[in-house]
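Please read the structure below before turning to the comments.
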Amino acid sequence: SRRTRTAVRRIERPSPNHDGRGDAPIDMLVLHYTGMQSAEGALDRLTDPAAKVSAHYTIDEDGTVYVHVAEDRRAWHAGVSSWRGRNRCNDFSIGIELEGADDRAFEDAQYAMLADLTGALRAAYAISDVVGHSDIAPERRTDPGPCFDWARFRKLAGI
């Protein structure tokens, strides 16, 4: 397994909500927001076996990265999803949660860390697309939401 390393504070907060990826190569990042009032609440949900949801990473408002699922495993973040004619986006993507919601701006530290993590993932995998959950499940999701500044993120990430 190729584990992406970034020079940041990373805290292991494992989730049991994952399974085998199959043969699909990782070529997409899916950005989410937690939609919760606190990082702790989001972390509890992403690591609760009963919730049956997870992501590979969560980036807290202070830029701390929480690692939930190994990159070579399929995290359960996208649900029913489709991108460019391919269904089941969990099979070929890495999910990154940002602490936040539709009505809250994201923090400078989150953008900086997301750009750093995106760069590390793009160096490790043939990432062709970086999308929002709203792009792959538009009928049911809005994240990362209207407060996410895509232009700022793309500039910082060099994409």
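Can you tell me how much longer the chain between Arg86 and Gln37 gets when fully stretched, taken as 0.36 nm per residue apart minus their C-alpha distance, in nm with one decimal?
Result for the pair: 14.4 nm of gain on full extension.
Tell me which DSSP H helices of the chain clear both cut-offs, 18 Å or more of axial length from alpha-carbon atoms and a mean Kyte-Doolittle hydropathy of at least -0.5.
In the chain, the long hydrophobic H runs are 108-124.
Expected output is a single nm value to one decimal: the length gained when fully extending between Ala51 and Lys155, i.e. 0.36 nm times separation in residues minus the C-alpha distance. What is it?
Residue separation times 0.36 nm, minus the Cα-Cα distance, leaves 34.0 nm.
Excluding ligands, DNA and RNA, what is the solvent-accessible area per residue of the range 27-159 at a probe of 1.4 Å, expressed in Å²?
42
Suppose only helical runs count, i.e. DSSP H with n ≥ 4. What mean residue ellipticity at 222 nm does that imply for the chain under -39500 (n - 2.57) per run, divided by all residues and rounded to the nearest 500 deg cm²/dmol?
-6500 deg cm²/dmol
If only Cα atoms are counted, what is the Rg of the chain, and what is its Dmax, in Å?
14.0, 38
When the accessible area of the chain is split by element with a 1.4 Å probe, what percent falls to carbon and sulfur?
Answer for the chain: carbon and sulfur cover 49 percent of the accessible area.
How large is the Kirkwood hydrodynamic radius of the range 61-146, counting all unique pairs of alpha carbons, in Å? Working shown, then result.
On the way: mean 1/r = 0.0719 Å⁻¹.
For the range 61-146, inverting the mean 1/r across all distinct Cα pairs yields 13.9 Å.
As an exercise, identify the trypsin sites (Lys or Arg not before Pro) in the range 92-159 lying in DSSP coil whose Cβ has no more than 12 other Cβ atoms within 10 Å. Walk me through the numbers before you get to the answer.
Working: sites: Arg104, Arg122, Arg140, Arg141, Arg152, Arg154, Lys155; in loops: Arg104, Arg140, Arg141.
Those satisfying the criteria are Arg140.
At 1.002 mPa s and 20 °C, plugging the Kirkwood radius over alpha-carbon pairs of the range 15-100 into Stokes-Einstein gives what diffusion coefficient in µm²/s?
Translational D for this selection: 166 µm²/s.
The values are calculated or read from the model by the stated rules, or taken from the named source; none is laboratory data. Predicted model only: the values in this text are computed from it and were never measured. Note that we place each Cβ from the backbone using ideal geometry, even for glycine, and neighbour counts take in every protein chain shown. Calculation scope for accessible area: heavy atoms of the full protein, side chains included, ligands and nucleic acids excluded. Shrake-Rupley method; radii C 1.70, N 1.55, O 1.52, S 1.80 Å.
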